[in-house]
């Protein structure tokens, strides 16, 4: 298995090379040269596997430079009842007739990001030890990626984490999860801006090849293929739980800002998982919904990026979107590069509405979209609690609202839960008049001492901080 860049760089890389690299040298994102195909017999063989074994089977199709025994051990070490609170790891629960919630938030930080980040931490430690090297991880978070990465990497040998976040834009619980960590290999950088500014800084540093090589910069954002690959597994797990045979299709609804989570669903579908539709659920920052409705991809500036009650989706520049566009355009790297380097860089938008590839996108790839507002979220949380005695967070509420707009008769609809409600307590109080339950280990977390550095929206300032803390 070799990996190529969406922007046409001639090199083909092994998995462990791109594991530690993040972006390709030309600024593109890595994808496999082709998607391994899974037939009905393979699906049947996988159907009853425990989650860790299923993860091994999926990952081994893409990873051939880690011995099978080692990869199986890494999966077994990652996906345990001790870490994820349940033997099923991602249990599926029917909410109403044909509508399911897939629980992805049972990990250490109560968000779906743990599903991939816990594996990524173990993969990093394994590969760095094998090479005798160190890695400085630079990331950007709008809320959940940061804490998931830091909890996965804290104490890991050979790894430092420099996590940027938009100053004051996360919930108090999310901030406390990150900023209360005192581990010396964890560095929190609060940037004076919005999430897209943080993401731009990460990409700028990653594109400075001299700095990247000197300080061994890697990424844990979903631009890292390994993280997205780990997320592919729970699409298969959800499918098996919702169906009784492999000739049945399902749909998935995915709350999405950066397009990483739903892009994993796209990969699963391209592999042959019987997926009817992938519903992209957005909040008021609806750049993805606009594209799937109109064919126009139009990023917003900081002033036009809304601060919402589903803050992890307050993103207007979906960095993983390039992977899908590459596939949409028939893997035309030159055209992809022109769109993302040229048109997007110059005007902040590109328009595929007249492209035949866009006209057939829904049929070929199953994508459809929807948009929610704060009022929608509050109403959905309130309704779900009243009718089903089930408490959901704001992002999952965006998903549930979107799912109900796209239910097809006879096709199970699976909503990917994104986080536990305690992470967004203020909205729960607004909807229901009381605080959500809080796991005992997080009681009083907001009052803990905080360790965070506030920096301007400046690439050089972040570089200086990294260089000063890598000795």
Exercise. State the extension gain, in nm to one decimal, for the chain segment bounded by residue 302 and residue 216, taking 0.36 nm per residue of separation less the distance between their alpha-carbons.
Key: 28.0 nm
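For segment 428-470, report the % of Cα-Cα distances exceeding 13 Å. Don't jump to the answer; show the numbers that get you there.
Details: 656 of 903 pairs.
Value for segment 428-470: 73 percent of Cα pairs lie more than 13 Å apart.
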Self-check item: Sorted peptide list for 294-307, 11-24, 413-426, criterion being average Cβ within 10 angstrom, highest first
Solution: 413-426, 11-24, 294-307
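Using only Cα atoms, what Kirkwood radius does segment 178-247 have, in angstroms? Could the numbers behind the result be given before it?
Details: mean 1/r = 0.0639 Å⁻¹.
Final number for the Kirkwood radius of segment 178-247 is 15.6 Å.
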Practice problem: List 151, 35 from most exposed to least, where exposure is judged by having the fewest other Cβ atoms within 10 Å. | Solution: 35, 151
Quiz item: Rg(Cα) of segment 345-389 divided by 2.2 N^0.38 Å?
Solution: 1.92
Quiz item: What share of the DSSP beta bridges in the chain is antiparallel, in percent to the nearest 5?
Solution: 25
Quiz item: Starting at 0 and stepping by 20 Å, how many percent of the alpha carbon pairs of the chain end up in each bin?
Solution: 26, 63, 12
Quiz item: Using r as the Cβ-Cβ distance of residue 130 and residue 48, and R0 as 30 Å, what FRET efficiency do you calculate, to the nearest 0.05?
Solution: 0.35
Practice problem: Largest first and in whole Å, give the semi-axes of segment 75-120's equivalent ellipsoid, each being the square root of 5 times a Cα gyration tensor eigenvalue. | Solution: 22, 11, 8
Exercise. May I have the extent of the alpha carbons of segment 137-234 along their three principal axes, as whole Å values ordered from largest to smallest?
Key: 36, 32, 29
Exercise. Mind giving me the nanometre distance, one decimal, between the label points for residue 157 and residue 408, set 7 Å out from Cα along Cα→Cβ?
Key: 5.0
Quiz item: Roughly speaking, what is the stretch gain from residue 451 to residue 17, that is 0.36 nm per residue apart minus the C-alpha to C-alpha distance, in nm to one decimal?
Solution: 153.0 nm
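Rounded to two decimal places and with Rh computed the Kirkwood way over Cα pairs, what is Rg over Rh for segment 1-122? List each step's numbers first, then the result.
On the way: Rg = 16.6 Å, Rh = 16.4 Å.
We get a ratio of 1.01 for segment 1-122.
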Quiz prompt | Segment residue 375-residue 388, extension gain: residue separation times 0.36 nm, minus the distance between their alpha carbons | solution = 2.7 nm
Practice problem: Compute the projected area of the convex hull of the Cα atoms of segment 210-289, averaged over all viewing directions, and report it in nm² to one decimal place. | Solution: 6.9
Quiz item: What percent of all Cα-Cα pairs in segment 396-471 falls in each 10 Å bin, counting up from 0?
Solution: 13, 24, 21, 26, 13, 3
Quiz item: What shape does segment 4-70 take by its C-alpha gyration tensor, where a ≥ b ≥ c are the square roots of the eigenvalues and a/c under 1.5 counts as rounded, a/b above b/c as prolate, and the rest as oblate?
Solution: prolate
Practice problem: Please report the orientation-averaged projected area of segment 179-329, defined via the convex hull of its C-alpha atoms, in nm². | Solution: 11.7
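Beta carbons within 10 angstrom, averaged per residue: use that to sort the peptides 247-255, 271-279, 221-229, 141-149, highest first. Can you show the working numbers first?
Values: 247-255: 23.0, 271-279: 21.4, 221-229: 24.8, 141-149: 28.2.
Per-residue mean Cβ counts within 10 Å order the peptides as 141-149, 221-229, 247-255, 271-279.
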Quiz item: Over the alpha carbons of segment 289-411, what is the largest minus smallest coordinate on each principal axis, giving the biggest first in Å?
Solution: 52, 41, 19
Quiz item: For segment 181-247 and segment 26-100, what is the separation of their C-alpha centers, rounded to whole Å?
Solution: 18
Quiz item: According to the Kirkwood expression over distinct Cα-Cα pairs, how big is the hydrodynamic radius of segment 337-470, in Å?
Solution: 19.5
Exercise. Return the tail of the calculated pair distribution for segment 392-432, meaning the percent of Cα-Cα pairs more than 12 Å apart.
Key: 60
Quiz item: Between residue 432 and residue 467, what FRET efficiency comes out of the Förster formula 1/(1 + (r/R0)^6) with R0 = 60 Å and r the beta carbon distance, rounded to 0.05?
Solution: 0.80
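Any read-out appearing in this document is the output of simple, stated calculations on the displayed coordinates, not a laboratory observation. The shown structure was predicted, so the numbers you read here are calculated from the model rather than taken from an experiment. When we count neighbours, we look across all protein chains shown, and the Cβ atoms used for this are built from the backbone with ideal geometry, even at glycine.
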